[in-house]
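Values quoted throughout were computed directly from the atomic coordinates according to the rules given, and no laboratory measurement underlies them. Everything numeric in this text was worked out from a predicted model, so none of it was measured. Note: ideal-geometry Cβ built from the backbone for every residue, glycine included; neighbour counts use all protein chains shown.
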Amino acid sequence: MKIPKVSRLLFAVFILSLFSQASNAQFYFNNEDGYRLWLKYDAIADRKLQKAYSKHIGSTYIAGESDTANIIRQELRYALGSMLNHNVEFSDNLKKNQLVIGTPDSLDFINRDELKGLGDEGYRIRSQKIDGKNVTLISANSDVGTLYGTYHFLRLLQTQSSIDDLNITETPKIDVRVLNHWDNLDRHVERGYAGESIWDWHKLPDYKYQRYYDYARANASIGINGTVLNNVNAAPLILTPHYLEKVEALATIFRPYGLKVYLSVKFSSPQLIGGMKTSDPLDKEVQQWWKEKADEIYKRIPDFGGFLVKANSEGQPGPGDFGRTHAEGANMLADALAPHGGIVMWRAFVYANEKNEERSKQAYSEFKPLDGKFRENVLVQVKNGPIDFQPREPFSPLFGATPKTPMMMEFQVTMEYLGFSTHLVYLGTMYEEALKTDTHAKGKGSTVGKVVDGSLFNNSISGMAGVANIGSDRNWTGHIMLQSNWYVFGRMAWDHELGAKTIADEWIHMTLSDEPQVVDTVSDLMMASREITVNYMTPLGLHHIMGVGHHYGPGPWVKDLGRDDWTSVYYHRAAKDGIGFDRSPSGVNAVAQYHSPVRDIYSSPETIPEELLLWFHHLSWDYKTKSGRTLWDELVHRYYQGAEDVSKMLTSWKTLEGTIDDQQFNQVLMALQIQQQEAYRWRNACVLYFQQFSQRPIPEGLQKPEGSLEEYEAMRFPHAPGQGR
Ligand code: GCV
């Protein structure tokens with residue numbers, strides 16, 4: 001049927017009127033939804049610069065026919081075409097003004113000797129003359145090295161850096177740079193705040209989402225070389241053929257990007273899926289079961305990375321169930337993996353009620369005596385602090401305590417204790433703080449970073465893990481700004497000496513804008529954000545005072561749970577006489593686990609950095625802090641400062657309207673508004689709660705907190721995301 005012209009016109013007017021009536025609706029056409037992450041490759045606005053780059057990259061010559069070489073071709077076609085605004089010629093011979101990429105195997109003019117020391121992942125980027133032609137050469141010992149070099153080169157363009165006279169040599173400081181997905185097989189993500197798991201196990205192995213490729217690409221672009229696909233609270237089913245086939249499909253997608261697949265395994269798998277009577281690591285049949293399981297996995301996935309294990313922790317089974325040590329458990333798995341080159345990442349996040357030892361001390365007590373008892377292919381994976389990813393913790397004393405055992409860093413990228421995915425908290429400053437802290441294990445300069453990268457004790461392997469904040473949300477991380485935490489984790493795992501600020505600026509250029517005003521405003525926000533959050537959540541070394549179960553929002557009143565060290569009152573110890581946990585020599589003496597002089601500095605409230613004061617000391621409300629205020633006044637001031645600073649963040653973000661993409665602007669704006677409410681809730685709830693004990697007034701000049709303590713205590717968050725199941 002032919003619709004008359006006038007009817008079509010009326011219909012169009014009707015549709016348009018719908019749009020104009022919907023005054024409160026938002027329509028974004030062709031806006032940035034965050035999917036492209038930091039790999040947007042928008043056209044370079046500065047025409048002069050664009051021209052200068054084009055001059056250097058008249059054409060490209062990418063040697064080799066491997067899958068990785070083809071990925072490089074695709075990436076360059078897309079990236080250069082878009083940034084430089086023209087189709088880039090792909091040639092198969094050397095020309096002047098060319099970007100040349102290859103390995104000694106694919107290009108005979110690349111001298112193998114010149115790449116010595118670069119290993120399998122390092123690369124060189126040099127402006128040089130070959131056969132009288134000026135070229136930019138990206139060379140490496142392996143295809144994956146050239147891929148990393150390509151992303152580095154593209155980053156130079158994305159950040160509008162000079163590509164004249166390049167002479168860059170890069171090798172990763174850390175060997176194993178992995179994401180840990182706490183993803184269950186039913187797609188629920190434990191402590192995940194960005195939708196469901198990106199792994200659609202049901203549709204695998206046949207249905208391969210584009211997102212899997214884009215995930216691998218994003219990781220390769222920042223040097224992440226491994227991914228643990230499933231939750232450390234592991235389902236034994238992952239080791240059955242049904243699931244291994246699916247794991248194999250993902251491994252095949254990831255391989256050309258240099259991304260190895262690892263699995264979390266349940267220690268009792270021999271019993272749960274193997275029909276065995278025991279999972280005792282010293283039992284020969286159990287050992288054989290794991291050997292056969294490893295063989296089965298490697299048959300499917302020849303470059304399989306290895307196992308991650310949470311054992312005898314929070315109800316998970318482990319060698320302790322059979323009277324064996326963590327080393328005996330880890331070594332059994334290590335022996336099964338060793339013939340194939342696999343590794344075991346054995347977590348040190350263990351604490352048990354029966355031990356009757358203060359929780360922050362338990363991991364050290366358990367693992368320090370085992371130093372030297374682990375196989376060479378075992379790394380012990382330690383959370384950055386001794387409790388559990390709190391907004392601020394001192395470094396775990398295990399860093400620097402075990403010269404013969406590589407200690408692998410575990411950072412949390414997802415924000416379990418930092419406001420989920422509505423609080424803007426850039427974690428670069430937190431990672432930097434942890435990695436730069438001096439353990440003094442071998443005298444001054446023995447930083448945590450040097451323990452982790454293996455250089456302090458000359459370990460043969462090193463690693464860093466990040467608990468991923470990635471989910472099925474279109475923008476991957478729930479909040480666009482939190483993509484920066486995935487980014488900074490990767491960049492610091494590659495080179496932990498890169499500063500948080502350098503990385504933040506890089507990310508802003510690549511993701512949001514090149515405008516100096518935008519870069520400066522956002523960079524300032526990001527750099528201040530973690531300290532601001534510490535102030536409105538847990539200032540002065542307070543910790544573990546969040547809502548029970550979901551861990552969202554304040555809960556300093558939490559008590560009477562299954563075990564004391566799950567409650568808040570255990571950690572803050574607020575009472576009439578003061579506040580804080582005495583972990584000094586007069587208390588539980590956790591400071592003794594640190595090397596001198598750290599131990600001595602932490603032992604006294606006068607010398608400890610004030611940020612950690614109440615972590616290690618119980619002090620009277622009238623204790624004089626560095627500002628000259630009493631402890632009570634200082635505590636309240638910090639809570640107020642933190643909340644007020646979130647309002648300032650919001651004001652500052654608003655100045656960006658119109659300078660960045662509307663959709664990105666609005667998403668962050670909405671999240672900041674939630675963060676503001678939450679910051680004031682933290683402030684009010686905590687100040688009112690602690691005031692019951694301090695019995696002191698709100699310091700002069702500060703308004704009384706709104707609401708009553710009862711109201712705050714009564715707040716509930718049913719179905720808050722991310723809880724353990
Ligand atoms: C995966 C904390 C979290 C748990 C997590 C555990 C761990 O306790 O709340 O969800 O479990 O750490 O790191 O194993």
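Segment 398-501 gives an Rg/Rh value of 1.03, both radii derived from C-alpha positions and Rh following Kirkwood.
Report, to two decimal places, the Cα Rg of segment 267-393 normalised by 2.2 N^0.38 Å (N = number of residues).
Compared with the compact-globule rule of thumb, segment 267-393 sits at 1.09.
For segment 440-528, the fraction of C-alpha pairs farther apart than 18 angstrom is 55 percent.
Any idea what the alpha-carbon Rg over 2.2 N^0.38 Å comes to for segment 508-628? It is 1.34. Taken over segment 363-406, the percentage of Cα pairs per 10 Å bin, counting from 0 up to the bin with the maximum distance, is 28, 52, 18, 2.
Given R₀ = 41 Å, what would the calculated FRET efficiency be for SER91 paired with LYS299, taking r from the Cβ atoms and rounding to 0.05? Rounded to the nearest 0.05, the efficiency is 0.50. Remark: the chain projects, on average over all directions, an area of 37.1 nm² (convex hull of Cα atoms). Here THR150, THR439 are placed in order of increasing Cβ neighbour count within 10 Å, fewest first, which gives THR439, THR150. Taking the alpha carbon gyration tensor of segment 651-699, multiplying each eigenvalue by 5 and rooting it gives semi-axes of 36, 10, 4 Å, largest first. Helix content alone sets the calculated 222 nm mean residue ellipticity of the chain: runs of n ≥ 4 DSSP H residues at -39500 (n - 2.57) each, divided across all residues, give -11500 deg cm²/dmol. Shown here for segment 86-171: trypsin sites (Lys or Arg not before Pro) in loop regions (DSSP other than H, G, I, E, B) with at most 12 other Cβ atoms within 10 Å, namely LYS116.
Put simply, the Cα atoms of segment 187-259 extend 31, 27, 19 Å along their principal axes, the longest span coming first.
Under the membrane-span-like helix rule (DSSP H runs whose alpha carbons stretch at least 27 Å along the helix axis, mean Kyte-Doolittle hydropathy -1.0 or higher), the chain yields 516-537, 631-654, 662-694. Against the empirical curve 2.2 N^0.38 Å, the C-alpha radius of gyration of segment 47-170 lands at a ratio of 0.96. Charge dipole of segment 47-170 (Cα centre as origin; +1 on each Lys and Arg Cβ, -1 on each Asp and Glu Cβ, all else neutral): 800 debye, rounded to the nearest 20.
Report the gain in length on full extension from ALA352 to LYS442: 0.36 nm times residue separation, minus Cα-Cα distance, nm rounded to one decimal.
Working it through step by step, the gained length comes to 29.3 nm.
An ellipsoid equivalent to segment 579-725, defined through the eigenvalues of its Cα gyration tensor, has semi-axes of 34, 20, 18 Å when rounded to whole angstrom and sorted largest first. Packing here is the average count of other Cβ atoms within 10 Å per residue, and on that basis the peptides 359-372, 392-405, highest first, run 392-405, 359-372. For segment 423-456, trypsin sites (Lys or Arg not before Pro) are listed when DSSP marks them as loop and at most 10 other Cβ atoms sit within 10 Å of their Cβ; the list is LYS444.
The P(r) of segment 176-499 has a tail past 33 Å containing 20 percent of all C-alpha pairs.
The label-point distance for LYS704 and LEU272, in a model that sets each label 7 Å from Cα toward Cβ, rounds to 5.3 nm. Both radii come from the Cα set of segment 275-326: Rg as radius of gyration, Rh as Kirkwood radius; their ratio Rg/Rh reads 1.02. Over segment 128-230, the hull volume per residue, using the convex hull of the C-alpha atoms, is 155 Å³. DSSP finds beta bridges in the chain, and of those with both partners inside it, around 30 percent are antiparallel. Can you find, among SER139, MET345, PHE693, the residue sitting farthest towards the positive end of the charge dipole of the chain, where Lys and Arg contribute +1 and Asp and Glu -1 at Cβ? Ranked along the dipole, the leading option is SER139. Summing +1 for each Lys or Arg and -1 for each Asp or Glu among the other residues whose beta-carbon sits under 14 angstrom from that of ASN225 gives -1.
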